[in-house]
Structures are given as structure tokens and as C-alpha cells.
Amino acid sequence: LLIVAADHPARGALGAGARGAAMADRAELLRRLAAVLADPRVDGVLGTPDVLEDLLLMGALDGKLLVGSMNRGGLQGAAFEIDDRYTSFTPASLDTLGCEAGKLLLRIDYDDPATAGALENAAAAIGALAERGMIAMVEPFLSRRVDGRVVNELTAEAMVKAISISAGLGATSSHTWLKVPWVDGVERALAATTLPCLLLGGEVSADAEQTYARWAAAFAQPATRGLVLGRSLLFPADDDVPAALDAAAKIVAG
């Protein structure tokens, strides 16, 4: 699968690389999304209700997979960031809209008591989605605060633990997919589960070729089933969206 992601603004995360407000202009964001979604190599979109509804009204989602983002309460930079409440789509509203999946971010901070509630809420969402026959797309991280800012631990060891914890959440794993970052030793992280995994794009890199090579290498692992790309596709460092889309599509196509 090749899915474009645009759920960042609802968390107050508007930057992309060196551009601190790249996603602040909604008309420009929608223009870029529509252009990418017009390409038949792009299978679907991940977004919050406001984004998906705009795209539906524009007629940009015909024949596309819809993934609704569910927990947007952990605002970027907030004191309550780990207490990531489910303030967006619910399993019922995802079903009503015709979505195939619900996405949930799970940041696990061993030093933050709010992590217990985040785990409980994630387990409930996974179970509720499975009951409706919808995929739960879980994006797990081990996280910690550095100078008051939540930072994800992007190491193979941390991802093995995060993947292992998230794979065991909910009454069933029958509809759980994982959305994981590239890390050094990504093969060890992906070996920690038999669940299907989608590789996320992450922050915009100035070295796009190195990023593409890393994504391609991850596809050597049997768990890897596709890419979910947001800022790295919509706002690449050189602003050449068609080139970034071509590179991603070739990697997914093998």
C-alpha cells in the first residue's frame, strides 16, 4: 500500500523540515493532497474528519482507501501530550463514513503515569475496530521528555519493545496493523512481530536519496506491506512532489 497522511495539523504540528508552518495553509495542503491522490499508484489517505470531508467534497477520494485518525488530544508541546485522548474519529463514525481503518498513535513513556490510560484507550479502540471488521493502524513509540519536550526513541531496541507491547493490545490482533519508523537495525524491529507493518515517512530529510534507500531496504523484510507518507511526500525538501511520489511508488511496486 501507498498511503498519504495528513493528520498532523489536528495535533498542532504544522511544520515540515525547515518550514515551520508548511501545513498552515489549508487550501495549499488540500491542493497537494488532491494532486497526489489523483495518481492511481496512491491507494488511500490518512486524515482527520475535517481533511477527509474536504477531500470527499472535492471528489478527490473516489476508489481510495480511507484511514481515519482517532486520537488527536495529545497536542504537540502540551504538558498533557502523553495523555493522548480520542478526540477525533470513533469506530462508529469511521464505519459511517466508509473508512477501512482507524489510526491510533501510541506513545509509551515509562515515567509518565498518563501512559496507563493511553494503553487502556488504545486496547479499547483496537477491540472496537476489530468488532466492526476494520483495521486498527497502530503507530507505537517508546517516548520520554527531554527539556519538557516529548521525544520518540528511534532505536531498534526501543522499537522492538514498542512493537511487542502494541501487538498484544486489545481482545484480538486479527485486524491490527502497525505503522513503524525506519531505524538503524530496522530488520530487528520488524522481526518482533508477525503483524503487517507499514513504514512511516517521518520528518522531512534534506537527503532524499538516503531516505528512499532506507525505505527500499525495509521492504526486504516480509512484514513490510507499504508506506504511509505525509510531510516527506507532500512537502519534500526540494518541493518536488511528483519526484517524491515517483520514488515512493517505485519502492512500493518493488
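The values are calculated or read from the model by the stated rules, or taken from the named source; none is laboratory data. Just so you know, these numbers come straight off a predicted model, no measurement behind them. With ideal geometry, Cβ positions are generated from the backbone for all residues, glycine too; neighbour counts draw on all protein chains shown. Keep in mind that these areas ignore ligands, DNA and RNA; they rest on the heavy atoms of the full protein, side chains included. Shrake-Rupley method; radii C 1.70, N 1.55, O 1.52, S 1.80 Å.
With every protein chain kept in the model, how would you rank Leu37, Leu119 by accessible area, 1.4 Å probe, largest at the top? List each step's numbers first, then the result.
Details: Leu37 5, Leu119 50 Å².
Descending order: Leu119, Leu37.
When the Cα centres of the range 102-154 and the range 81-97 are compared, how far apart do they sit, in Å?
13
For the chain, take the convex hull of the Cα atoms, compute a quarter of its surface area, and give me that in nm², please. If you can, show how the numbers build up before the last one.
Working: hull surface 48.8 nm².
Over every viewing direction, the Cα hull of the chain projects on average to 12.2 nm².
Take Asp207, Asp54 and sort them by solvent-accessible surface of the protein heavy atoms, 1.4 Å probe, largest at the top.
Values: Asp207 70, Asp54 50 Å².
Largest accessible area first, the list is Asp207, Asp54.
Give the calculated FRET efficiency between Ala243 and Glu53 to the nearest 0.05, with a Förster radius of 30 Å applied to their Cβ-Cβ distance.
Numbers: r = 30 Å, r/R0 = 0.99.
According to the calculation, E is roughly 0.50.
Can you list the lysines whose alpha carbon is less than 30 Å from that of Lys250, not counting same-chain residues fewer than 8 positions off?
Output for Lys250: Lys64, Lys103, Lys179.
Rounded to the nearest 20 debye, what is the charge dipole size of the chain about its Cα centre when +1 sits on each Lys and Arg Cβ and -1 on each Asp and Glu Cβ? It would help to have the intermediate numbers written out before the result.
Numbers: 22 positive and 32 negative charges, 52 e Å.
So the magnitude is around 260 debye.
Stretched out fully, how many nm does the piece from Lys250 to Ser93 gain, at 0.36 nm a residue minus the Cα gap? Present the calculation step by step, with values, prior to reporting the outcome.
Numbers: separation 157, 0.36 × 157 = 56.52 nm, distance 3.38 nm.
In short, 53.1 nm is gained.
Can you give the accessible area of Glu120 in Å² (nearest 10), computed on protein heavy atoms with a 1.4 Å probe?
My reading of the accessible area for Glu120 is about 130 Å².
Per residue, how large is the accessible surface of the range 12-121? Use a 1.4 angstrom probe and give square angstrom.
Values: 4870 Å² over 110 residues.
Per residue, the range 12-121 has 44 Å² of solvent-accessible surface.
If I take R0 = 22 Å and measure r between the Cβ atoms of Ser164 and Ala124 in this structure, what FRET efficiency does the formula 1/(1 + (r/R0)^6) give, to the nearest 0.05?
On the way: r = 20 Å, r/R0 = 0.89.
About 0.65, to the nearest 0.05.
Mind putting a number on the dipole of the range 96-226 about its Cα centre? Charges go on the C-beta only, +1 for Lys and Arg and -1 for Asp and Glu, and I need it in Debye to the nearest 20. Don't jump to the answer; show the numbers that get you there.
Working: 11 positive and 15 negative charges, 56 e Å.
Roughly 260 debye, rounded to the nearest 20.
Kindly report, to the nearest 10 Å², the accessible surface of Cys99 as traced by a 1.4 Å probe over protein heavy atoms only.
Accessible surface of Cys99 is approximately 10 Å².
Sorted by accessible area with a 1.4 angstrom probe, largest first, how do Lys64, Lys161, Lys103 fall?
Working: Lys64 35, Lys161 95, Lys103 5 Å².
Heavy-atom accessible area, descending, gives Lys161, Lys64, Lys103.
Carbon and sulfur: what percent of the range 1-137's accessible surface (1.4 Å probe)?
Working: 3100 of 5620 Å².
On the range 1-137, the fraction of accessible area on carbon and sulfur atoms equals 55 percent.
On average, how much accessible surface per residue is there in the range 182-244, in Å², for a 1.4 Å probe, leaving out ligands, DNA and RNA? Let's see the in-between values first.
Values: 2750 Å² over 63 residues.
Spelled out: the 1.4 Å probe surface of the range 182-244, per residue, equals 44 Å².
Give the longest segment of the chain that steers clear of chymotrypsin sites (Phe, Trp or Tyr not before Pro) in DSSP loops with at most 14 neighbouring Cβ atoms within 10 Å, not counting the sites themselves.
With chymotrypsin sites (Phe, Trp or Tyr not before Pro) excluded where exposed in loops, the chain gives 111-254 as its longest stretch.
If I compute solvent accessible area with a 1.4 Å probe over the protein chains, what percent of it on the range 161-222 is carbon and sulfur? Working shown, then result.
On the way: 1490 of 2840 Å².
Answer for the range 161-222 is 53 percent, counting heavy atoms of protein chains only.
Nearest 0.05, what FRET efficiency do Ala35 and Gln221 give at R0 = 45 Å with Cβ-Cβ as r? Mind showing how you got there, number by number?
Details: r = 31 Å, r/R0 = 0.68.
FRET efficiency, Ala35 to Gln221: 0.90.
Which value, in debye to the nearest 20, gives the size of the charge dipole of the range 1-133 about its Cα centre, when Lys and Arg are +1 and Asp and Glu are -1 at the Cβ? Please list the in-between numbers first.
Details: 12 positive and 19 negative charges, 74 e Å.
Charge dipole of the range 1-133: 360 debye, to the nearest 20.
Taking only C-alpha pairs under 8 Å that are 6+ residues apart, what is the relative contact order of the chain in percent? If you can, show how the numbers build up before the last one.
Details: 497 pairs, mean separation 45.2, N = 254.
Dividing the mean separation by the residue count of the chain yields 18 percent.
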